[in-house]
1. For chain B, build the convex hull from the C-alpha positions and give me its volume per residue in Å³.
2. Taking the 0 to 90 degree range and rounding to the nearest ten, how far is the long axis of helix A:296-306 tilted relative to the main principal axis of chain A, both from C-alpha atoms?
3. Any idea which of B:PRO484, B:VAL148, B:TRP304 is furthest toward the positive side of the dipole for the range B:129-503, if Lys and Arg beta-carbons carry +1 and Asp and Glu beta-carbons -1?
4. Seen from all sides and averaged, what is the projected area of the convex hull of the Cα atoms in the range B:382-490, in nm²?
5. Using all C-alpha to C-alpha distances in the range A:201-334, build P(r) with 10 Å bins and read off the rounded percent in each one.
6. Got a sec? How would B:LEU66, A:LEU449 order by Cβ neighbour count within 10 Å, fewest to most?
7. Would you work out which of B:ALA240, B:VAL282, B:THR224 lies farthest towards the positive end of the dipole of the range B:182-302? Charges go on Cβ: Lys and Arg +1, Asp and Glu -1.
8. What value, in deg cm²/dmol to 500, does the helix sum -39500 (n - 2.57) over DSSP H runs of n ≥ 4 give at 222 nm once divided by the residues of the protein assembly as shown?
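Derivation of every value follows stated rules applied to the coordinates shown; laboratory data play no part. Everything numeric in this text was worked out from a predicted model, so none of it was measured. As a convention, Cβ positions derive from the backbone with ideal geometry for all residues, glycine included, and neighbour counts pool all protein chains shown.
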Amino acid sequence: MEHIRTPKVEQVKLLDRFSNKSVTGTLHLTATHLIFVESNSTSAQEIWILHHHIASVEKLSLTTSGCPLLIQCRNFRLVHFVIPRERDCHDIYSSLLRLLRPVSYDELYAFSYNPKQNDQEREEGWQLIDLAAEFERMGVPCDQWQLTDVNREYKVCKTYPRDLYVPITASKPIIVGSSKFRSKGRFPVLTYFYQEKKAAVCRCSQPLSGFSARCLEDEHMLQAISKANHNSRYIYVMDTRPKLNALANRAAGKGYENEDNYSNIRFQFVGIENIHVMRGSLQKLLEVVGTRSLSMTDYLVGLENSGWLRHIKAIMDAAIFLAKAVTVEGASVLVHCSDGWDRTAQVCALGSLLMDPYYRTIKGFMVLIEKDWISFGHKFADRCDQLDPDPKEVSPIFTQFLECVWQLTEQFPQAFEFSEWFLIQIHEHVHSCQFGNFLGNSQRQREDLQLKERTYSLWAHLLSEKQNYLNPLFSPSVAESHPVLEPSTQAYHFKFWRNMYNQYDRSMHPRQSILKHVLTLQESKRELEGTVQALKTKLQKFGVSTSPLKPQTPPRERSLPPRPHTGGERTVEGSSATENGYGELMGSFGSKNEPGVVTLEFGVARMTC
Amino acid sequence: MEFAELIKTPRVDGVVLHRPFMPTVEGTLCLTGHHLILSSRQDNTEELWLLHANIDSTEKRFVGSLGTIIVKCKDLRVIQLDIPGMEECLNIASSIEALSTLDSVSLMYPFFYRPLFEVIEDGWQSFAPEESFRDLESMTDEWRLSEVNKDFSVCPSYPSLLTVPKDIDDESLCKAASFRHGGRFPVLSYYHKKNGMVMMRAAQPLTGTNGRRCKEDEKLINATLCAGKRGYIIDTRTIAVAQQAKARGGGFEQEANYPQWRRIHKAIERSNVLQDSLIKLVEACNDQSHSMDRWLSKLEASNWQSNVKEILTTACLAAQCIDREGASVLVHGTEGTDSTLQVTSLAQIILDPACRTIRGFEALIEREWLQAGHPFHQRCAQSAYSNGKPRSEAPVFLLFLDCVWQILRQFPCSFQFNENLLIMLFEHAYTSQFGTFLGNCVAERGKLQLSQKTVSLWSWVNRPQELERFLNPLYEPNNLVIWPSVAPQSLLLWEGVFLRWNRSTKCLDEAYQEMVHIIEYNKELQNKVNSLRRQLAQLETEDKMVADLK
């Protein structure tokens, strides 16, 4: 690789972020990873950092012990190296600067990553998620909703997928007319159909209404959506922006629906802030929780000032409003924001997840992301800073969605098939660019990049490790009896997600994990059941009849593929659950007696955490 | 005095009870000497039995002739009673008021309570000091059990038997006692078997402004040091507070007089500040109208979490001195009955696996709180809804329980007990049918003849039927020292206490049940495997014997 000037530096110190501890080792720079290998042969910790995960590299001023290099990652890892020679540090620094700013898609890891699968396996991986089948599962097409081919060639809307579902009464001229009256041509289309009440969740972008403009086709379009649902005489139009933002947009010829022009709509502002506010908020949050010797007061004040949990609650409130309108009132809802690919995606996806237990399973959650985020054109490339960075486009919109789901798992521990490890792993790969799924900004771009031919699908990879992501407490029967989740939105139910934002700060995590413990039990359960069977077969040879094993309550049926054995194998950063810190627990607890909490210096005690 | 005099209206019909997350109940309200009872007189609805002593404060409101009494309890629950008729309502309210604020200890319910269960093991006899001394004797012969305080004249708040260094005679103890606040001279709190280091506790030394010293005190604590070793004195107060204490006759150990000791000051708040913190926290938790920002700012302003962090940090420090630095430790604050006990008891939970069993935890509370003279009666007289002038109330013990819960959260497999035990102890410390937490010290309890006239909490808890509820299904004993994280991100609000009445726990409870089920099913399978193996082995031997015979 022509960008790598110094592939290896020895005697590099890795400083702990929160204590004064450090370890010495060797730093390797490869085409895809920055690798630190600890010299101590007994523990020999290895850290693999994917270049795509690096958000920023900073060279601090020279100290007596060497030249400090600070690397901040998008998966919230922060590493602090001290490199003995200034020259080496500079070489690494400038190589990294180049490597973490790929100039073309071809340079992304996904195009060189090869998990040793053949073409057929790769193809099967991409076929795992089928959105047409998903709409069928919802009951679409039906007598009121149909598939339209108007966007087959991406002529009406470049950022929408080819296949779109619209009311049967919406003719092509209406669709085309409506699309011309909407930002980026993103006209109202179906994203979720609540079969029980025939109510639809539709999404679009803001209307180009300015101060007084109107569009008859767009008005017809909304009417068609309304008419497709006989259960309700009105539809809700949810503008997910704060009213002030929507008003400001009017001056630019955009804006929101005028209730006078649309018959039977109920218009509602929701007040979720824009991508810039969210970016700033996360930055503040990370600053706070990355502070050394953080006091409780500074933590709580910082949490409040960052506004992060307030934003999370706003998204949750909006999703609950949506779910209630659909499931309780039986009304259809049209959701939009400005362009209809950030807040709209958050609210539609989270709202659907509240209504439909399927989206709370591992497969269903993949489908949901594929539908509301990937296919409808959430700009992953821009928001996650994959290529050609425009810092103003970066924003943790998808991260917020994952966090909202986590907040729900805290309130409903049995409602989800997956654990938080699954959410964290998805987050990892949204930024890793190791798989093709999240590359690019739209379906059309993904087709141009021929991702299905040239890269692998994350979903196949995650399903092959499904075992690691299961929630052992998941109960499908709870989902049957309570299909719609009704979370409490009391402020005290929203908590800081330590296992996400401090995921690499192992000293902060519980030293024993209930989740891991119960997962291990589940695994040993299968082994034991097998042993019981084997023993019985042997006993039968002696002519002993054995009663079938009857547990007090029969264990729930679940299809469980055998767990892939990764033990002892070196794993690449971000490619397995165990590498991510949340896997480490019992082991280190048993072997490591380091306090890691308090240190005594010169007889004067100082807490270091 | 007859309770009947205080009960103006013993019975009202048509009273409606409102509780959060529970259906309303309409029924008859009865007042007895110790209970407020509401019964719908239908078979399937639960009755409400509330001890008057559990009532922290009441409020009344009227809409027309319908009166409403809001009852705020010491266990933080708030219930509402709608009482038809203004006079009835006023009578009930004033009766409750009178009955819930009785001053005399001997009128408390534990003196009237008769257990409906057979006492198999008398909890009053379960944790004798002689017994723990026998354990100590098996590890070291450096200590002796002194009877110097047998009539409580040397130190009124200490028990009659105290563990002190073998080489220090009773006369020196008396002199040391006169140099310590309340006579609380340094005594053994914990012996760390692994390296023979000890933790002692005391009250502040009475150095005063002119720097008084006491040779016997110095000799006493030096006697706990091995030759050439140094020790740490952990003063739970900041240096400023400790300095101020000098003006009132108190103070701290001067380096010059204690050259083998290093003093460390920490900043655990005094008890009256803690009470204020509790009141603010509960107020924040009970206000359902808070926005996100307001909630966080109220939580912060209550300072509760800061207190938890500071106490836990100090305990970690004490444990670290002992286990990591191999040094002995002396802990004290001002009186040595509050922050001192928080630190010494938490440090033992960190260091000593025995304290993480149910029995060991009970012994710890008995040793480090009850016998060590934490004034439960004063501290737990009122809880978070006290609106009168605060006297000596403070949630010192509740904070200790909160800290234990934090460690339990971080080491969920290291404790034999679960959160329920901690919540139960919180409840009983404030109000109970048992006598365990009555009085302020051993001497007072003796005068009240609690062990004869009341039932011990431990007699009840240690029954197998009750214990089940407190067992942690995840428990796997380990002999390690457990170092909790004290980063703010690692410390959580104890929802089981503070949001207990403000949230529905249905989903959480069901999930817990599912977890228990998984664990139990696993055990069952393991047993099945074992028994099948035995059966098979037996058959195989028999088979072989038959074959051999042939």
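1. Expressed per residue, the convex hull around the Cα atoms of chain B is 206 Å³.
2. The answer is roughly 30 degrees.
3. After comparing all options, I get B:TRP304.
4. That works out to 9.7 nm², a quarter of the Cα hull's surface.
5. 11, 33, 27, 16, 9, 3, 0
6. Ranked by crowding around the Cβ, least crowded first: B:LEU66, A:LEU449.
7. Result: B:THR224.
8. -11500 deg cm²/dmol
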